Every structure is written in C-alpha cells, then in structure tokens.
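Report on the structure given below.
Computed from the coordinates by the stated procedures, all read-outs in this text should not be read as laboratory data. Every value quoted in this text rests on a predicted model; they were computed, and no experiment measured them. Heads up, the Cβs are rebuilt from the backbone with ideal geometry, glycines too, and the neighbour counts pull from every protein chain shown.
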Amino acid sequence: MSSESKIPVWRKLPRTPRPQLAAQRLQTLIVGAGPVGLTAALDLAQRGHAVTVLSKLDFIAAGSKAICFSKRTLDIWDRLGIGETLVEKGVVWNVGKVFWGADPEPVYQFDMLPVKNQKMPGFINLQQYSVEQVLVEALQRLPNVELRWGHSVAGLKVEEQSVRVSVDTAQGPYTITTDWLIACDGCRSSIRGFMGLDFEGRAFEDHFLVADVRIKQERPSERWFWFDPPFHPGQSALLHKQPDDVWRCDFQLGREVDRDACVRPENVDPLVRGMLGDDIEFTHEWTSVYTFQCRRMSRFVHGRVIFAGDSAHLVSPFGARGCNGGVADADNLVWKLDLILRDQAPTALLETYNDEAITTADENILNSTRSTDFLSPPTVVSRAFRDSVLELAADWPFARPLVNSGRLSTAVSYPDTSLNTADTSSDWAGIRPGHFALDAPLEKGWLLSALGNRFALLTHGWAPSADVDANVIDVSRLERAPKILLERYDLKPGSAYLIRPDHYVTARWRQPTVERVKTAMMRARGLA
C-alpha cells in the first residue's frame, strides 16, 4: 500500500528524476498511465512520434479494477504487437450463463464469439495490473518514449496553439509546453478539473461488493451471473475466473448499506461460500464496495486538449464497457492525430474523434444504464417485467435476448460518420462503411494482422494502376483465396474495400478506380 496515496501497490517503479531543464517543449504529452494512456502512447510511438507520459504514481496499482477485455480491444492490442502475450497470460472465455433462483440450469446463455475463425477470442479475463505491465514493457523497448513516474500535473494553461503544463515532482516543479495534450487521467481527472469541466448524466445509488479470492478449484472459464440466488436472495451475483487461481465474486448489496461492515470477513465469507461451496478454502486478494455512474463530458476535444477513457466518460462495470471503451477511444484518436502531426490532415479531423468517441460513449452508457435497471429494477412494474422475462427465458427463445445481465462490450459502428463514402452499388452484402472489419483467415495468418496500421485496400483481382498510399491486399494473388473471407466481405471478383487505419470500413466498390479510391481517402482524412 502506498503511504502517500493509500492506493494498493502491485509493482513499484523508480521515480523519474525531474528534467534538468526547468521548461520543456514537447509535441505530444499524455497524462495518465492506465491502459488507455499507455495504449495511446504505444500507438503514437510505433507511428514514429516522440511521446512523453506523466503518471502521478510511481507504481502500478493493484486492487479491484478492470479484468474483462473484449475481442475489439484484443484486436487493437494485437495490431500493437502485444495481443498474443495478453491472451497467453489471460483466461480465455466466450460463453456466459445466466441463472435465476435456485435452478442449477441456466435460463439463458450466450457466445461472445458467434462468428468463428478469428484470431482473437471473444474475451479474456486478466487483471488490469498485468495489462499495464505488458504495455509498460512494450513502451520501455522504444527509444522515442519517456515514461515519467511520480510526476503530477499541478496546473495548466490552454493557449491557441499549445498547452502549458505545470508539473510537480519530489525534486521540485518544472513546466512543459506541448502542442497536444491527451488527458487519460481517469474519473478524477486533474486536467478536467483545472479546465473547469464536468460530467453530465446519471449516478446510481445501489452498492456492490467485489471480493477477489484465491482458491484451488476447477471451474469452467465462463461468465456466470445469478438473479435472486439462494445464497444471496433478492439480489444479483457475478462470478469471473482470473489468472493465478483468482476469482472475482461480485454481489449486489442494495442502496442503504454500511460500507465498512460490508467488507468485514464475517460478512463477506458467507457470500463467497454460498456462491462457491460451504467447504471451499480461499484467501482474500481484494475486497471493496463500489457505486457507479453513467456520465460523460459534453465534448471530448477542447482545443489542444483531448480527453479519452474515464477522464471523458464513466459507465457501470456491467458489460465491461469502461476500459474497453477507453481503449477504443485511443484507437480512434491516434491515427487521426498521426495524420495531423504529419501535416496530412487538418486539425478539424479531430472533430470526427469527438463525434465518434461520443457515439461509442453514448452506446456504452445506454447499454450500461439498461443493464443496471434490469439488475436493480427501480419500480414494482419494472421488477415484474424483469421476473417475467427470466421466467419465460427458460422455455421461450424470444425472451432470451431481453435478459440483461450486462450487455457485453462489442465494437461500436459509425454508419453516419462524415468520413464514410456511400455505396455506389446496391447489391452488397458483407460489411458496410462505418462498421468494424471482421477478422478472417488468410492463406497464412489473419486479415486484421495483414491490414496493419495504415489505410488498406482489400481487393479481389483489382490493383490500382497508380500509387495509392495504402496497403494493398489482393486475395486473388493468394494460391487459394479463403472462402470465409470472400463470404464475409461479399468480395466478388473486381471488388474492393477501403479500410481505415483503425480497421473500420470507410468505402467499398464493385467497380473501383484509382480516382474513386483517392477521393474516398481524401474524405477519410477530412480533406473532402
């Protein structure tokens, strides 16, 4: 436990000395060294930019934080070269089961990877501190990255073309003037506070107990959720397997509770034993009580300051949308900022980050709010509806999609973004502009890996006759064009897809031309 911050310490890091120069000039500064800030830093650095990250902590924090990482997030991290490492460390799962009452059979179950033959699984469970460690190690291998531990922002002044940041360290203060500041400093964002900005939305009054326990017990790697279980009547409970024999047990407590009493072993242990078995032997890893909010800033882009992750939006943990939504922010932002830094796109392109990230946040907030209202019905009528849905779901398929134990995080689509080019043909199946590209096996390897981190053209027998600044993947040049890929993209001979650097389809043609491709790329860069 850190004596200064009272935050549990998982791995201590050496404090970074104060720079020799009392005033520094940087191109890009990231504040916050959680998964979102570190992902943004890794993406920017791999694109060749010098990146500095400030963390007020001088350690990687332990405790009850994010553990569920979606396929969309794993695809992003795989593009950055760490996906396989994280999958190897994590607990892979695709199946979730929902139980009601004392019935040992689920009333409903779902598969988080309904479309098979993709490289990454539907979900992994992995403690956030392990994810952060992998990200830190990847960043430490890059010469153009500086991670500054124990450096906290003490103030800032936003100017028209830069941001002036006051920084405190154990050796004294200094200042940074940066062209761009990416605020990834969490729900209590100091950047947001210094700028006088706040959230809008809804706070929930229900309390929930997290009990991470270590046990030696074989159980399937599945998400199990209970409504009104006999070991916790009238409430809900959730069980997730983590690496290293750790299990997350999550119990709904209600609104009026004694938070201090709820975390005492004499009150926690009966719940854990009720869930896992009376004779189970376990040790406590972490215990806490939490409430949550579904709120966001009205805008994420404020001149030269850009907000991402929990500094921009908050959701309930049900559905694993918080950290996954934040990593999606970083993925959406960095390729656009990269083009701006290279003078290949106008700064106005960041408005599409603002619009698309808000679309993602609003979908996550909507689904999280619906999940919470289903878990904790606010009225007698809504409880009657909830219980009726659960009763019908056991026997009637139409009711099962209405069961909401937390709609789990998936890629959010942007069909109305200004970066899309409208279809010129009406005979398309496949993946529409504004939707995330589905992975598929290639002759060797996987499609998303082949797309890389720049614009890509996926074609079937068509190649541009002139230079196009894109990675061209012509499946007709493979010895055997994968049937799965052709079907998923409805990629008839002569067709082509244009895919953004964040792996969203932005245009497609039955009869592509170099002029059409270049026009679509101009539009996707905010130049048309």
Q: Given the peptides 425-432, 358-365, arrange them by the average over their residues of other C-beta atoms within 10 Å, most packed first.
A: 358-365, 425-432
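So for region 413-528, Kirkwood radius off the Cα pairs, Stokes-Einstein at 20 °C and 1.002 mPa s: how many µm² s⁻¹? Present the calculation step by step, with values, prior to reporting the outcome.
Working: Rh = 13.9 Å.
The diffusion coefficient I find is 154 µm²/s.
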Q. Length gain on complete extension for the stretch Q133 to D490, per 0.36 nm per residue less the alpha carbon to alpha carbon distance?
A. 124.5 nm
Q: List, in order, the whole-Hz ³J(HN,Hα) value for each residue of region 59-70 obtained from phi through the Karplus relation with A = 6.51, B = -1.76, C = 1.60 and θ = phi - 60°; use x for Gly and Pro.
A: 6, 8, 6, 9, x, 8, 9, 4, 9, 9, 10, 7
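In debye, nearest 20: dipole of the chain around its Cα centre with unit charges on the Cβ of K, R (+) and D, E (-)? Present the calculation step by step, with values, prior to reporting the outcome.
Details: 60 positive and 65 negative charges, 257 e Å.
For this selection, approximately 1240 debye.
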Q: Give me the distance between the Cα centres of region 440-480 and region 1-60, rounded to whole Å.
A: 36 Å
Q | R255 versus S221: modelled label distance in nm, points set 7 Å from Cα along the beta carbon direction | A | 4.1 nm
Q.
Please list the three semi-axes, largest first and in whole Å, of the ellipsoid equivalent to region 248-332, using sqrt of 5 times the eigenvalues of its alpha carbon gyration tensor.
A. 36, 15, 10
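What's the exposure ranking of E105, E479, going from fewest to most Cβ atoms within 10 Å? Please report the intermediate quantities before stating the final value.
On the way: E105 9, E479 6.
Starting with the residue having the fewest Cβ neighbours, the order is E479, E105.
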Q: Could you tell me which of N367, G96, N420 has its Cα farthest along the dipole of the chain towards the positive end, charges placed at Cβ (Lys, Arg +1; Asp, Glu -1), taken about the Cα centre?
A: N420
Q: List the residues whose amide H sits under 5 Å from the amide H of G90, counting only those 5 or more places along or on another chain, with H placed 1.01 Å from N in the peptide plane.
A: none
Q: Mean Kyte-Doolittle of at least 0.5 plus a Cα span of 27 Å or more along the axis: flag which DSSP H helices in the chain meet both, please.
A: 322-341
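Mind checking the full-extension length gain between T424 and T283? Use 0.36 nm per residue of separation minus the Cα-Cα distance, one decimal, nm. All intermediate terms of the calculation are to be shown ahead of the outcome.
Details: separation 141, 0.36 × 141 = 50.76 nm, distance 6.12 nm.
Length difference between fully extended and current span is 44.6 nm.
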Q: Under 14 Å Cα to Cα from K6, which aspartates and glutamates show up? Leave out anything in the same chain fewer than 8 places away.
A: D58
**Q.** Additional length obtainable on full extension of the chain from R480 to E443, 0.36 nm per residue less Cα span
**A.** 12.7 nm
Q.
Give the separation of the Cα centroids, region 112-130 to region 352-419, in Å.
A. 20 Å
Q. Which loop-located trypsin sites (Lys or Arg not before Pro) does region 433-486 contain, where loop means any DSSP state but H, G, I, E or B and the Cβ has at most 16 other Cβ atoms within 10 Å?
A. K444, R454, R480
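Suppose we keep just the DSSP beta bridges with both residues in the chain; what percent of those would be antiparallel, to 5? List each step's numbers first, then the result.
Details: 67 of 95 bridges.
Close to 70 percent.
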Q: Any chance you could check the Cα centroid distance between region 499-528 and region 162-202 for me, in angstrom?
A: 36 Å
Q.
Suppose we take every Cα in the chain and form the convex hull; what volume per residue is that in Å³?
A. 162 Å³
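Can you pull out the trypsin sites (Lys or Arg not before Pro) in region 1-108 that DSSP calls coil and that have at most 16 other Cβ atoms within 10 Å?
Numbers: sites: K6, R11, K12, R15, R25, R47, K56, K65, K71, R72, R79, K89, K97; in loops: K6, R15, R47, K56, K65.
Within region 1-108, the qualifying trypsin sites (Lys or Arg not before Pro) (loop, at most 16 other Cβ atoms within 10 Å) are K6, R15.
Set the Förster distance to 25 Å, then compute FRET efficiency between V514 and R342 from the Cβ-Cβ distance, nearest 0.05.
Working: r = 22 Å, r/R0 = 0.88.
Plugging the Cβ-Cβ distance into 1/(1 + (r/R0)^6) gives 0.70.
If you average the sequence gap of Cα pairs under 8 Å that are 6 or more apart and divide by the length of region 117-244, what percent do you get for the contact order? Please list the in-between numbers first.
Values: 104 pairs, mean separation 21.5, N = 128.
RCO, region 117-244: 17 percent.
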